[in-house]
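Before any comments, here is the structure.
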Amino acid sequence: MATRRFSEEPAFVLHRYDWSESSLVLEVFTRHHGRIALVAKGVKRPTSQFRPVLLPLQPLHLSWGGDAEVRTLKSAQWQGGHVMPTGEALLSGCYLNELLMRLLARDDPHAALYDHYMLAVQLLAERADAQQLILRAFELLLLRDIGLLPDLAHEGNTLAPLQDGVFYVLGPESGLRAAHEDDTHALTGEQWCSLQIALDEADPLIATLRACVGCQQALQPQLRNLLHYHSGVRVFKTRQLMLDVQAMGRPRASPEAASTNLQTTP
């Protein structure tokens, strides 16, 4: 039986790890085949033509062959179109990669999600000031496209339409419910419905990004709980890295101030 070959497939490198002294295994997100694993033989040699190409957050065209779980990379070319995000935007892009690694099954195509991811990476490189809105919009689209986001226009248990002026919170199992007095983060029925309308638009990433304006701070912890629940982790590695980097950039408190904070912290 002839070995299957695939050519010029749009793809992004999500993660890579050592395979041997000279080779790497790549986890890549492809437009038509979903997340797959490829072995890049000899890529760590200084003379390898793959070395300057196989970088994260860069649009590529990949060709590979094989029928095993880990296929063999045959060629890789930079597709062009945008530059790699830098600084905090680079960490945000790595966070998107970690989400895809943890929540996407292998060989499960998501062509529309691939397009959303490609646009999100481009926006991170061009609009560093909108990072949080981009991340929230992509989180919503990722959860929606893999079937883990409940309907945002109706209550989860009763399926009743959301009411204007009433606050609701999003749970990982029950969907939306009316907020309780001790719920610190909640969105109004109008805000949840606006997000649902945006998700159903023809260009949902941009529409959802705009719908997140004004509510992303209350939305962030609710989406984080949902993502943690379905991925089985308490803290994403890239988010912890972002927190550590931000902490390093803050001025250190004086011993007197630190002592005061310890005494006043409940």
Would you confirm whether or not region 239-253 contains a residue that is at pLDDT below 95 and of a type in the set (Val, Ile, Thr)? yes
Against the definition (closer than 30 Å to Met84 by Cα, outside any helix (DSSP H, G or I), out of contact with any strand residue (DSSP E or B) (no Cβ under 6 Å at 6 or more places or on another chain) and not small (Gly, Ala, Ser)), how does Leu141 come out, yes or no? no
Of (1) more than 23 Å from the chain's Cα centre (by Cα); (2) open to solvent by 20 Å² or more (accessible area, probe 1.4 Å); (3) within 24 Å of Arg234 (Cα to Cα), Pro172 fails just (1)
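Could you check region 107-163 and list, in sequence order, the residues that are among the polar types (S, T, N, Q), in contact (Cβ under 8 Å) with a residue 40 or more places away in the chain and closer than 21 Å to Leu219 by Cα?
Within region 107-163, Gln131, Gln132 meet the criteria.
Looking only at region 65-79, which residues are farther than 14 Å from Val13 by Cα and not aliphatic (A, V, I, L, M)?
To start, the set of residues in region 65-79 that are farther than 14 Å from Val13 by Cα comprises 65-72, 74.
Correct list: Gly65, Gly66, Asp67, Glu69, Arg71, Thr72, Lys74.
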Does region 182-199 contain at least one residue that is out of contact with any Gly (no Cβ under 6 Å at 6 or more places or on another chain), at pLDDT below 95, in a loop (DSSP other than H, G, I, E, B) and of a type in the set (S, T, N, Q)? yes
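The values are calculated or read from the model by the stated rules, or taken from the named source; none is laboratory data. For clarity, every value in this text was computed on a predicted model and none was experimentally measured. So basically every Cβ, Gly included, is an ideal-geometry build from the backbone, and we count neighbours across all protein chains shown. We work out accessible area using only protein heavy atoms, side chains counted, and drop any ligands, DNA or RNA first. Shrake-Rupley method; radii C 1.70, N 1.55, O 1.52, S 1.80 Å.
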